[in-house]
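> Below: one structure in structure tokens.
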Amino acid sequence: MKSISTKNSVVYFNTDVYSKLNEYIKNTYPSKIFILVDTNTHDYCLPQFLSNLKSEEIIVEIMEIPEGEDHKSIDICTGVWEALSQYNADRKSLIINLGGGVVTDLGGFVASTFMRGINYINIPTSLLAMVDASIGGKTGVDLGALKNQIGIINEGKMVGIDVDFLSTLPQNQMVSGFAEMLKHGLIYSKTYWDKITNLEALDVSDLDLLIYESVVIKNEIVSNDPTEQGLRKILNFGHTLGHAIESYCLENADRTPLLHGEAIAIGMILEAYLSYRICNLSEKDLNHIKASIFNTFERTYFNSNDINAIIDLLQYDKKNSHGVVKFVLLESIGKAKIDCIANNDIILEAFNYYKS
Ligand SMILES: NC(=O)c1ccc[n+]([C@@H]2O[C@H](COP(=O)([O-])OP(=O)(O)OC[C@H]3O[C@@H](n4cnc5c(N)ncnc54)[C@H](O)[C@@H]3O)[C@@H](O)[C@H]2O)c1
Ligand SMILES: [Zn+2]
């Protein structure tokens, strides 16, 4: 599979991953290599990764963090910064993030801030990280329940996507990643949307090409607007309400936390409804989007207290300016529009539509 060049980096696929990574290490000769994993990628991915890594006698240290979104925090960053210091990392050290979006987001942020920035490479191991989180240079952590409030945009030196890692990824995590692929179709390519919504089942063997195409879409959007002045905002489709729902479920003891993609899937149905009411998305497309998402994702129940609390959380969304909540909506499947405004009555209608 051909590599994909991004603004300051390159994405390699499958067999190329290790040859290019080893070549990079040979050419740049880092002072030390630090591999960041979480508890799962330590067990499921690290052995395969290490067996392919040629570290040229450079010392390799493994840094492990607990798995899960709860640990995408400044506290965990502090632990990683301290480990780097303790093991004598310097400005010529390299961090390799081997994991899902939590590891690539947090590891990228740690690398971008340690000693004012050291080199890092992403080796995504979850579907979501392959098609989305590892691409485009957004790094960061949550502030309490508020998603991605602290962070920096800074691309790593390379991304290596080895689809084999998906063989140990739990099915619910596969489905979560699939949400971002659906999003790429909805905001940018009707052809891609048609392709992924006509899949019989989510099977690793079909995924190679679909992952590749998803990376192409994300990269095209990011390359045209690396600092998110305009176009890049379309990647937030489904995320304004999706993030509020994700935060709400994370901080509420009596709600089961949702995976990122599960929350975004709900957000996409709600924001498709807003698109129908505000941006002339056709009713046919709206119903098709809802049916396609419910093909893969289960319905979640929200009562009126939940919905009001979720609406209150919208004020923390990073796309807001001057206190106004801004949505990305769809004019049609494959065509998104940024900076849309929706009042609370229409948002309540959207929750009713989701429920119906
Ligand atoms: N930076 C960006 O542009 C961007 C884009 C989208 C999402 N994100 C972020 O990504 C995060 C979600 O990513 P995620 O869904 O990968 O979460 P995650 O990193 O928590 O991974 C999901 C789970 O799968 C496990 N796992 C990962 N790879 C595995 C493998 N190969 N085998 C077995 N288990 C494996 C992890 O340990 C974890 O338990 C969120 O924090 C989100 O905000 C960032
Ligand atoms: Zn997302």
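The values are calculated or read from the model by the stated rules, or taken from the named source; none is laboratory data. Keep in mind it's a predicted model, so treat the numbers as computed, not measured. Neighbour counts are summed over all protein chains in view; Cβ atoms, including those assigned to glycine, are modelled from backbone coordinates with ideal geometry. Heads up: the accessible areas ignore ligands, DNA and RNA and are worked out on the full protein's heavy atoms, side chains in. Shrake-Rupley method; radii C 1.70, N 1.55, O 1.52, S 1.80 Å.
> Pairs needed: first member in the range 266-279, in a loop (DSSP other than H, G, I, E, B); second member anywhere, among the hydrophobic types (A, V, I, L, M, F, W, C) and open to solvent by less than 10 Å² (accessible area, probe 1.4 Å); C-beta distance under 6 Å; at least 6 residues apart or different chains.
Final answer for the pair search is Cys279/Leu329.
> So the check is Cβ under 9 Å with 6+ separation or different chains; which pairs have a first residue in the range 118-131 that's within 16 Å of ligand 2 (Cβ to nearest atom) and at pLDDT 95 or above and a second one that's part of a helix (DSSP H, G or I) and aromatic (Phe, Trp, Tyr)?
Listed by first residue and then by second, the contacts come to Pro124/Phe165; Ser126/Phe165; Leu127/Phe178; Leu128/Phe178; Met130/Phe165; Val131/Phe178.
> Under 6 Å between Cβ atoms, at least 6 apart or on separate chains: pull out the pairs that start in the range 69-80 with a residue that is surrounded by 19 or more Cβ atoms within 10 Å (Cβ to Cβ) and end on any residue that is modelled with pLDDT under 95.
Pairs found: Lys72/Asp142.
> Report, by residue number, each residue of the range 242-258 that is within 14 Å of ligand 1 (Cβ to nearest atom) and open to solvent by 40 Å² or more (accessible area, probe 1.4 Å). Give the derivation first.
At the first step, the residues of the range 242-258 found to be within 14 Å of ligand 1 (Cβ to nearest atom) are 242-247, 249-250, 257-258.
Across the range 242-258, the qualifying residues are Leu250, Pro257.
> Right, next: Tell me yes or no: at least one residue of the range 128-138 is at positive phi, open to solvent by 20 Å² or more (accessible area, probe 1.4 Å) and within 11 Å of ligand 1 (Cβ to nearest atom).
Quick first cut of the range 128-138, residues at positive phi only: 136-137.
Now restrict to residues that are open to solvent by 20 Å² or more (accessible area, probe 1.4 Å): none.
So far as the range 128-138 goes, no, none of its residues is at positive phi, open to solvent by 20 Å² or more (accessible area, probe 1.4 Å) and within 11 Å of ligand 1 (Cβ to nearest atom).
> Moving on. Report, by residue number, each residue of the range 241-267 that is near ligand 2 (Cβ under 10 Å from one of its atoms) and under 21 Å from Trp193 (Cα atoms).
Gly242, His260, Gly261, Ala263, Ile264, Gly267
> Limited to the range 314-334, what total is found for residues that are free of Cβ contacts under 8 Å to residues at least 40 places away in the same chain and either assigned to a strand (DSSP E or B) or surrounded by 15 or more Cβ atoms within 10 Å (Cβ to Cβ) (or both)?
Here is the first cut: in the range 314-334, the residues free of Cβ contacts under 8 Å to residues at least 40 places away in the same chain are 315, 320-324.
Still in the running and either assigned to a strand (DSSP E or B) or surrounded by 15 or more Cβ atoms within 10 Å (Cβ to Cβ) (or both): 321, 324.
Qualifying residue count, the range 314-334: 2.
> Could you check how many residues of the range 203-241 are at pLDDT below 90, exposed (fewer than 15 other Cβ atoms within 10 Å of the Cβ) and part of a helix (DSSP H, G or I)?
3
> Tell me, please, whether a residue that is within 16 Å of ligand 2 (Cβ to nearest atom) and either surrounded by 13 or more Cβ atoms within 10 Å (Cβ to Cβ) or modelled with pLDDT of 95 or more (or both) can be found in the range 273-288. Let's see the steps before the verdict.
So in the range 273-288, the residues within 16 Å of ligand 2 (Cβ to nearest atom) come out as none.
No, the range 273-288 has no match at all.
> Additional query: In the range 41-91, what residues are of a type in the set (A, V, I, L, M, F, W, C) and more than 30 Å from His260 (Cα to Cα)?
Filtering the range 41-91 down to residues of a type in the set (A, V, I, L, M, F, W, C) leaves 45-46, 49-50, 53, 58-60, 62-63, 65, 74, 76-77, 80-81, 83-84, 89.
Selection gives Leu53, Ile58, Ile59, Val60, Ala89.
> Can I ask one more? Check Met115 against each of (1) in a helix (DSSP H, G or I); (2) near ligand 1 (Cβ under 10 Å from one of its atoms); (3) on the phi > 0 side of the Ramachandran plot and name the one condition it does not meet.
Every listed condition holds for Met115 apart from (2).
> Moving to a separate point now. Since Ile121 meets every condition but one in (1) within 23 Å of Gly177 (Cα to Cα); (2) open to solvent by 20 Å² or more (accessible area, probe 1.4 Å); (3) more than 14 Å from ligand 1 (Cβ to nearest atom), which condition does it not meet?
So Ile121 meets the others, but not (2).
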